[in-house]
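Reading through the structure tokens given below for one structure.
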Amino acid sequence: MAILKGNTGVQVYVRVGGRIAKEYRDPDPPPPTQNRCPVMCKYIDSLTNLPFVIDTYVDPNYDFSYKNHTLSFHVYVDGKYMVNNCTGKEYVLAGCGYRSVSGPVMMDEQGANVVQQKFRFSPVKTGWTTIGEIAYRGTRRKARDIGVIEVQVFRIILREVTGSQRGSALRGQDLELSEKALKGKAISHGASCGKVEAPRQQTKNHEWDDIPEDRGPIAVYRFLYRSRGE
């Protein structure tokens, strides 16, 4: 369970197959001088077709006093923005400091119903394919982003709630990249979405103002998911 120094009361973790994923130390963390804010980087295990959920929790120990701010958790999966969840002092004091992201919520193909597709781990297939340099650069960029779950934490001044958020699906099938693009990368899985189903809950859409002096997130939680053998 990821807890960063200087952010007492904030926790971010990933559940895989319904269980909190065991976290392993990053053997090569980035130098602190490269980061404007604290960055936590851990490895977790990924297993083919298992669902995963990103959880955030703010407990009563967190100090909301500066400008009476709210915390906004921006969730990215494989380099793609998914959703942001907001947690304010009133929710924490009411015992509602937990937020979960299990997959994108969107309109169906007909635009008539709200549906959800839950995250799951899909194996990355590799092979030497005959592709041009432009296509190779595209798969190389994709390979750079695959295998990373990231949560950026911002302090914001919340103004109003304006409805529900809508996301977009990740890949719906197994992933295939050129072996050249994956050279030197220990990537075994990528994130995709499962079957379409009715959402249990919808994330509210918020209007807010940034806190300029923060100059970005106050913390970043990064989970690198890899297979340790199945």
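The values are calculated or read from the model by the stated rules, or taken from the named source; none is laboratory data. Because the structure is predicted, anything quoted here is derived from the model rather than measured. As a convention, Cβ positions derive from the backbone with ideal geometry for all residues, glycine included, and neighbour counts pool all protein chains shown.
Points to keep in mind about this one:
- The single condition among (1) over 22 Å from residue 148 (Cβ atoms); (2) within 20 Å of the chain's Cα centre (by Cα); (3) hydroxyl-bearing (Ser, Thr, Tyr) that residue 72 does not satisfy is (1).
- Tabulated pairs, segment 142-162, first assigned to a helix (DSSP H, G or I), second modelled with pLDDT of 85 or more and of a type in the set (Gly, Ala, Ser), C-beta under 7 angstrom, 6+ apart or interchain: 145/79
- Residue in segment 148-171 that is buried (at least 20 other Cβ atoms within 10 Å of the Cβ), over 29 Å from residue 62 (Cα atoms) and modelled with pLDDT of 85 or more present: no
- Scope segment 48-65; condition in contact (Cβ under 8 Å) with a residue 24 or more places away in the chain, out of contact with any Leu (no Cβ under 9 Å at 6 or more places or on another chain) and among the polar types (S, T, N, Q); matching residues: 48, 49, 61
- The residues of segment 29-47 that are closer than 30 Å to residue 124 by Cα and at pLDDT 80 or above, listed by number, are 39, 40, 41, 42, 43, 44, 45, 46, 47.
Okay, residues lined up against (1) at pLDDT below 95; (2) surrounded by fewer than 16 Cβ atoms within 10 Å (Cβ to Cβ):
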position: 2; (1), (2): yes, no
position: 8; (1), (2): yes, yes
position: 14; (1), (2): no, no
position: 27; (1), (2): yes, yes
position: 49; (1), (2): yes, yes
position: 57; (1), (2): no, no
position: 83; (1), (2): yes, no
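- Among residues of segment 49-62, those that are closer than 13 Å to residue 97 by Cα and in contact with a Gly (Cβ under 9 Å, 6 or more places away or on another chain), counted: 7
- Exactly one residue among 138, 111, 103 is modelled with pLDDT under 95, out of contact with any Lys or Arg (no Cβ under 9 Å at 6 or more places or on another chain), among the small types (Gly, Ala, Ser) and not in a helix (DSSP H, G or I), and that residue is 111.
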